[in-house]
Amino acid sequence: KTAVALGHMPQFVVEKKIDGLSVSLEYENGEFVRGSTRGNGFVGEDITQNLRTIASIPLKLSEPIPYLEVRGEVFMPQKSFIKLNEQREITGEPLFANPRNAAAGSLRQLDSKITAERKLDIYIFNIQQVQGKDLYTHRESLDFLASLGFKIIPGNSVFTGIEEAYDEILRIGENRGNLTFDIDGAVVKVNNFTQRELLGSTSKTPKWAAAYKFPAERQETKLLDI
């Protein structure tokens, strides 16, 4: 029934779900003008100056797009997280529990110089609004983002059936320990934007996407002393 309603069976894009802090970046005529936290989904906290310190956020795009708003996930790479906690241990400061908390605390610093020292990174995963460009699929939008100078989440293959998409979720889960950043799941999205409109959304979430959370990672450790 779904296939009939949509015209044909949808294709799916599977993405790694970065365990970080979701932010919105706005550009006018290709220039970065504003950055904010997701907040309540409508109103977020202005953190433009701190976001400017993240080297992977382009301050000027390769094309002067009239207006562009993108959504991305700021995170702290595992290497930066280990180094930060080592420094805090030396100075007697409380350690961060995980990279996500460290990233969130870094973005909310009043002094942007401190944020710059934390070596944060970002992956852009969605276009919220765009003027001056027609896009028809999510995969096409990701390629467009990359051409503008954004870092997109590695992977993002297109799958023709939900079984293939599910196999990709399992593969991501099996290989999460080999990544240099933390993920807590995977997200499956319908690729075609017209089909997304037909599927619609609830008051809180889109019907054209689903997130799959992975269980917490478990690792063995050796007790050396009590």
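Keeping to the stretch 1-18, report how many residues are among the charged types (D, E, K, R) and at pLDDT below 95. Please lay out each step first, then the result.
Of all residues in the stretch 1-18, those among the charged types (D, E, K, R) come to 1, 15-17.
Those still in the list that are at pLDDT below 95 too: 1.
The total comes to 1.
Could you check how many residues of the stretch 86-110 are in contact with a helix residue (DSSP H, G or I) (Cβ under 8 Å, 6 or more places away or on another chain), surrounded by 15 or more Cβ atoms within 10 Å (Cβ to Cβ) and under 24 Å from residue 150 (Cβ atoms)?
Qualifying residue count for the region: 5.
Would you check if residue 25 is at pLDDT below 85, in contact with a Leu (Cβ under 8 Å, 6 or more places away or on another chain) and closer than 22 Å to residue 138 by Cβ?
Numbers: at pLDDT below 85: no; in contact with a Leu (Cβ under 8 Å, 6 or more places away or on another chain): yes; closer than 22 Å to residue 138 by Cβ: yes.
Against the criterion (at pLDDT below 85, in contact with a Leu (Cβ under 8 Å, 6 or more places away or on another chain) and closer than 22 Å to residue 138 by Cβ), residue 25 does not qualify.
Can you tell me which condition residue 125 does not meet? The list is (1) buried (at least 19 other Cβ atoms within 10 Å of the Cβ); (2) in contact with a strand residue (DSSP E or B) (Cβ under 9 Å, 6 or more places away or on another chain); (3) more than 17 Å from residue 210 (Cα to Cα), and all the others hold.
Here residue 125 meets the rest and fails (3).
Within the stretch 114-122, can one find any residue that is within 21 Å of residue 81 (Cβ to Cβ), touching a residue at least 60 places away in the same chain (Cβ under 8 Å) and part of a helix (DSSP H, G or I)? I'd like the intermediate steps shown before the answer.
First pass over the stretch 114-122, keeping only residues within 21 Å of residue 81 (Cβ to Cβ): 114-122.
Keeping just the survivors that are touching a residue at least 60 places away in the same chain (Cβ under 8 Å) gives 115-116, 120-122.
Next cut, part of a helix (DSSP H, G or I) only: 115-116.
The answer is yes; a qualifying residue exists.
Which pairs do you get when a residue that is assigned to a loop (DSSP other than H, G, I, E, B), found in the stretch 57-85, comes within reach of a residue that is of a type in the set (Val, Ile, Thr) and open to solvent by 20 Å² or more (accessible area, probe 1.4 Å), reach meaning Cβ atoms under 7 angstrom, with the pair 6+ apart or on two chains?
Pairs that qualify, where the first residue is assigned to a loop (DSSP other than H, G, I, E, B) and the partner is of a type in the set (Val, Ile, Thr) and open to solvent by 20 Å² or more (accessible area, probe 1.4 Å), are 65/130; 77/180.
So which of 86, 28 is farther than 30 Å from residue 170 by Cβ and out of contact with any strand residue (DSSP E or B) (no Cβ under 7 Å at 6 or more places or on another chain)?
86
In the list 133, 119, 113, 83, which residue meets the criterion of being closer than 13 Å to residue 181 by Cβ, surrounded by fewer than 21 Cβ atoms within 10 Å (Cβ to Cβ) and of a type in the set (D, E, K, R)? Can you show your working first?
On the way: 133 fails: closer than 13 Å to residue 181 by Cβ; 113 fails: closer than 13 Å to residue 181 by Cβ; 83 fails: closer than 13 Å to residue 181 by Cβ.
Only one candidate qualifies: 119.
List the helices (runs of 4 or more DSSP H) that sit entirely inside the stretch 138-226 and contain at least 3 residues that are under 21 Å from residue 70 (Cβ atoms) and among the hydrophobic types (A, V, I, L, M, F, W, C). Steps first, answer last, please.
On the way: elements: 138-148, 162-174, 193-199.
In the stretch 138-226, the matching helices (runs of 4 or more DSSP H) lie at 138-148.
Would you say residue 47 is more than 30 Å from residue 157 (Cβ to Cβ) and either open to solvent by 80 Å² or more (accessible area, probe 1.4 Å) or in contact (Cβ under 8 Å) with a residue 40 or more places away in the chain (or both)?
Details: more than 30 Å from residue 157 (Cβ to Cβ): yes; either open to solvent by 80 Å² or more (accessible area, probe 1.4 Å) or in contact (Cβ under 8 Å) with a residue 40 or more places away in the chain (or both): yes.
When the stated conditions are applied, residue 47 passes them.
The values are calculated or read from the model by the stated rules, or taken from the named source; none is laboratory data. The model shown is predicted, which means the values in this text are computed figures rather than measured ones. When we count neighbours, we look across all protein chains shown, and the Cβ atoms used for this are built from the backbone with ideal geometry, even at glycine. With ligands, DNA and RNA removed, areas are computed over all heavy atoms of the protein, side chains included. Shrake-Rupley method; radii C 1.70, N 1.55, O 1.52, S 1.80 Å.
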